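K.L.:
This is the structure I have questions about; it appears just below.
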Amino acid sequence: MALCGSVRGGFRAGVGVMLLGLSLAQPVPGHAACPTAATPLNLTQPEYQDTAAEDTIAGFMSALVQSFLHTVQPRPFPKDLILNIVQDVNQKQQLDQDLLKEVLIYRVGFLVCVAIGVVYIVLMPLVGFFLACCRCCGNCGGKMYQKQTSSTDCRRRTLYWSAFITTVIILAGNICMFRSNEAFRRSVDGGVEGINKTIENIQEFLSAVPQQVNFVVNESYKTVQEVSRNLDAIGPQLGAEIQKRFRGTVDPALRSVRLLDRETVNTDMELKKLNSSLVQLQSSMDRLQANVTVVKNRINQTLSEPNCIGCTSMYGELRKLTLDTSISIPSLSELQAAVDKVIKTDLQSKIKEVEDFFNNIPQRVTNDTKDVVKNSKQRLDEIKTQVAQATNDIPLSALTNVSKTLEQVQGDVIKVTPEIKRVEHIRWGVCVVLCCVVLLVVVCYLLGLVLGPAGLSPRKDPAKRSCTADCGGVFLMMGAGFSFLFSWLFMIVVVLLFLLGGSVYNLLCQPWNNGQLLEFIDTPGLIPGLEIGPALGLKSNINISDIYRDCEQNQPLWTTLRLYEVINLDDLLNVSKYTDEIQMYFDNTDITLASITLLSPDVKKQLSSLSTSAEDFNSTAVTQQINNISSINLNTTADSLDKLADAQNNNAIRSALRSEAMDLRKIQSDIQTTINPQLESINSTVMDLQAVFQNITGTVGEVLGNVEAAQDFLNTNTTQIVETESRKFVDCQMGYFIVYADWADLTITQQVGRCRPVAGAVDSVEIIVCSHLVESLNAFWFSLGWCIIFFIPGIIFSIKLAKYYRRMKYSDVYDDRIIMNPIPRPQMKFT
């Protein structure tokens, strides 16, 4: 078999080699020419690790944070703006003013939030400073005097519940800070492990592709080796099929000839037995005839005596002693001659000659196909050589280089992991401190809200309030002081983290999640050299987003990389162009089987003569002769002689007659003991011969009919059978390649290089970076911002409420007409 011309280019060579692979057909047994090839197995796909990261509880605030960021930045992903910036920087090495203006307009929401933060950062310490100065000077609530009015209790309750609600809100934000900080820590720890698993999955994928290619290449040798073994065994396989085609017609003829041969031998034995019996019987009959003649002559002499009384009456009885003892079979000699001629033909040698002819068919096929087998195996060796050569052209080095790069990256990740964990531990500690400071403010507020009402007696003079109530007021002032002291610093952290986390979410995570980022990367000219299609020799370019979409559906490389644009799979899998040359070799090979004559005309003539002689055999005449001999009864004559002797007066005559009667009885006894068993044996032999002759007549007719049909079949169909079976044998060998071609088409287009790990790696990075790290970061600054925003009403309500609990220096004058409604102390359940 000749392969098509060498595949150009390393990439095409690799795919061409894959098209040569696999034949998982079972070994061919010697008695079957074309066993059905086993269905090839699918490629074993590698097992990948689960890269689903541990839940980091970062998503509890994602909806709220994302809603806020969408409000701040409602505009879609600025694809055109970024492209203009990249082009402007590449061309002018600086940013154009108009583009800068567009950037500021696009980021106006972030700028407004940053401006608010800056105002907060600036005003909060100033306000706190001026407020502290005023209070120190006795202004802005610094004067320790509180006027008692009818609305005092109502105002205190209003301020109390306002401060309480504000404190709860701040506490909720502080809890979110703790949770988001812990989520970020778990995200970092899980992210390192997830990156390692992702890299390992990519390495497994990169190593699996060459393994699958090598598997296909290695399995391709099995087809070649299987066909080569079948060619070596062409004699037993093809010869057995040719024999099988002949057996249906020739075997019945040989069976009938064997049967005729056995019947002929049996007939010959029976004829020889009959002849021997006849000779023995004839000897006994001759002796009988001689004895009877002697006794008859003596009786005649006795009856001729003058003194014999009444002897003349015995002459009629004496005539019965003339016996017919001859037995003749007229056709026996002709039948024996016909049987002898058939035996001389040696039908066994004819049968052996035919069997040897058919048994030698495999060897004859082997001898006649030596050249075609040799040439075909040379073509198969060329295929193996080309497969091995094409294997060296497969561009697997690129995958190896990528794998080495990933190993280096993984090694770097492992090296920096301790440093990352150390930095993360520091970050976590700093954030815990921030959370604790906020918690300190909340604790101060809560203590003030609990101790203030617990020690307050509304009707009591403000200058004489209890230490408990005074401590409550002090804690409220401490909370306000801490808020003034730390809130503006916290706002700096919020602004920085807001710019970082919000920008990453808007410009990276959000377009990554909805697919706009990959489409943006696909923009022509954005990334120089990122043209996958031309690099693979495709007619069109392949977008990263298309590759990701196909890999997400676990598509093979054939469809993902559009290899059908550069590789004509139908042409490469056209088995006929690989097998035409072998087919031509077999078509030009002449497997000749010498003609054979099953039975010569002389043998057929002798068999016909035997059949005719068997038909002419008449056992009735022989039976009649045997019956005539069997009917001889000398005792009757002896009895007559005894009666005649009794009538004699002469003692000598009387004694002579009795002696002669006794002799006749002895002869009759000899007939009973000697001749009659011989007659019975001859009669049995004749009956057996009659049955055999009847069978021979039918067997000869069957033999001649079967032999004639078999001879006509051999003369007419031998050449056609050889050609047909040769074609079937070749088609069988080609069937292995057809099975391979079907498998190769399925394997290449549906199984080789299923790239879900590539999409999984992208998804894993997106989950680690966006769903975990960025969401945790955004949740933290949002929670912190939430707290420090509510620091403002907390400061206001706590400072105003503190004066209702602190001990005043000056007493207010009570009006008895004013009915005070104090806040009940124990019933408020602050403790």
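K.L.:
So how far apart, in nm, are the two label points at C436 and V416 if each is 7 Å from Cα heading toward Cβ?
P.N.:
3.0 nm
K.L.:
With a Förster radius of 41 Å, plug the Cβ-Cβ distance of I116 and Q211 into 1/(1 + (r/R0)^6) and report the FRET value to the nearest 0.05.
P.N.:
Numbers: r = 59 Å, r/R0 = 1.43.
Efficiency at R0 = 41 Å is approximately 0.10.
K.L.:
Sticking with this one: In nanometres, what is the gap between the two model label sites at S304 and N635, each 7 Å from Cα along Cα-to-Cβ?
P.N.:
3.2 nm
K.L.:
Now a separate question. Stretch E565-C133 to full length: gain in nm at 0.36 nm per residue minus the Cα-Cα span?
P.N.:
Values: separation 432, 0.36 × 432 = 155.52 nm, distance 8.08 nm.
Length gained between E565 and C133: 147.4 nm.
K.L.:
Moving on. Excluding K79 itself, calculate the net charge of residues whose Cβ lies under 11 Å from the Cβ of K79, where each Lys or Arg counts +1 and each Asp or Glu counts -1. Walk me through the intermediate numbers first.
P.N.:
Values: positive: none; negative: D80, E519, D522.
Once positives and negatives cancel, what remains is -3.
K.L.:
Taking 0.36 nm per residue of sequence separation and subtracting the Cα-Cα distance, how much length would be gained by fully extending the chain between T405 and L123, in nm to one decimal?
P.N.:
Values: separation 282, 0.36 × 282 = 101.52 nm, distance 5.24 nm.
Additional length available on full extension: 96.3 nm.
K.L.:
Still on this model: Using a cut-off of 13 Å between beta-carbons, work out the net charge of the residues near C732 (Lys and Arg +1, Asp and Glu -1, C732 not included). Before the final figure, lay out each step's value.
P.N.:
Numbers: positive: R229, R727, K728; negative: E226, E241, E725, D731.
Once positives and negatives cancel, what remains is -1.
K.L.:
Could I ask something else about it? R0 = 56 Å: FRET efficiency of D688 with T312, Cβ-based, nearest 0.05? Please report the intermediate quantities before stating the final value.
P.N.:
Working: r = 49 Å, r/R0 = 0.88.
For D688 and T312, the calculated efficiency is 0.70.
K.L.:
Which links in K374/K728; K273/K666; K197/K421; K244/K374; K79/K101; K272/K341 stretch past 24 Å when you go from one Cα to the other? Present the calculation step by step, with values, prior to reporting the outcome.
P.N.:
On the way: K374/K728 19 Å; K273/K666 29 Å; K197/K421 18 Å; K244/K374 26 Å; K79/K101 16 Å; K272/K341 15 Å.
Distance filter (> 24 Å) returns K273/K666; K244/K374.
K.L.:
Using a 7 Å offset from the Cα along the Cα-to-Cβ direction at both D232 and I82, what is the distance between the two label points in nm, to one decimal?
P.N.:
Using points 7 Å along Cα→Cβ, the separation is 6.4 nm.
K.L.:
Which length gain, in nm to one decimal place, applies between N359 and V765 when the Cα-Cα distance is subtracted from 0.36 nm times their residue separation? Mind showing how you got there, number by number?
P.N.:
Numbers: separation 406, 0.36 × 406 = 146.16 nm, distance 7.28 nm.
Between N359 and V765, full extension yields an extra 138.9 nm.
K.L.:
For N266 and E680, what does the FRET efficiency come to when R0 = 30 Å and r is the distance between their Cβ atoms, rounded to the nearest 0.05?
P.N.:
Working: r = 20 Å, r/R0 = 0.68.
That pair, N266 with E680, gives E of 0.90.
Computed from the coordinates by the stated procedures, all read-outs in this text should not be read as laboratory data. What you are looking at is a predicted structure, and each value in this text was computed from that prediction instead of being measured. Please note: Cβ atoms are built from the backbone with ideal geometry, for glycine as well, and neighbour counts cover all protein chains shown.
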